[in-house]
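Down below is the structure, laid out as structure tokens.
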Amino acid sequence: MAYPIDPIYKLYNDGKTGQPTGIKTQIGDSEPYQCKCIPLDPANTDYQEYLEWVAAGNTPEEAD
């Protein structure tokens, strides 16, 4: 995952089931870029921000 890019979010899947289990996003804007993983948890504020981003018409990068 190369940053900074648009989209700024990338899905990731469970290695066994192939089902989405979270979202990766960049922390900060300087190299080396670091990522954080956001769980698919409606109570998580980062996940809520992600859902707002999607609702605004954006699309995350698909999982590998």
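Just so you know, all these numbers are worked out from the coordinates, no wet-lab data involved. Because the structure is a prediction, the values reported are computed rather than measured.
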| query | Amide H to amide H under 5 Å from G22: which residues, 5+ apart in sequence or cross-chain, H placed 1.01 Å off N in plane? | reply | Y12
| query | Residue by residue through region 49-62, which ³J(HN,Hα) values in whole Hz follow from phi under the Karplus form 6.51 cos²θ - 1.76 cosθ + 1.60 (θ = phi - 60°), with glycine and proline marked x? | reply | 4, 4, 4, 5, 4, 5, 4, 7, x, 8, 10, x, 5, 5
| request: In whole Hz, with x marking every Gly and Pro, tabulate ³J(HN,Hα) for region 12-23 from phi via Karplus 6.51 cos²θ - 1.76 cosθ + 1.60, θ = phi - 60°. | output: 9, 10, 5, x, 8, 9, x, 8, x, 10, x, 9
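Multiply the residue separation of Q34 and A56 by 0.36 nm, subtract the distance between their alpha-carbon atoms, and state the gained length in nm to one decimal.
Details: separation 22, 0.36 × 22 = 7.92 nm, distance 2.49 nm.
Value of the extension gain: 5.4 nm.
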| Placed amide H near E61: partners under 5 Å, 5+ positions off or other chain | Y9, K10, L11
| message | Skipping prolines and chain starts, which residues have an amide H placed within reach, meaning under 5 Å, of the one on C35, given they are 5 or more residues away or on another chain? | response | I27
| Cα-based radius of gyration of region 9-55 once divided by 2.2 N^0.38 Å, which approximates compact folds | 1.22
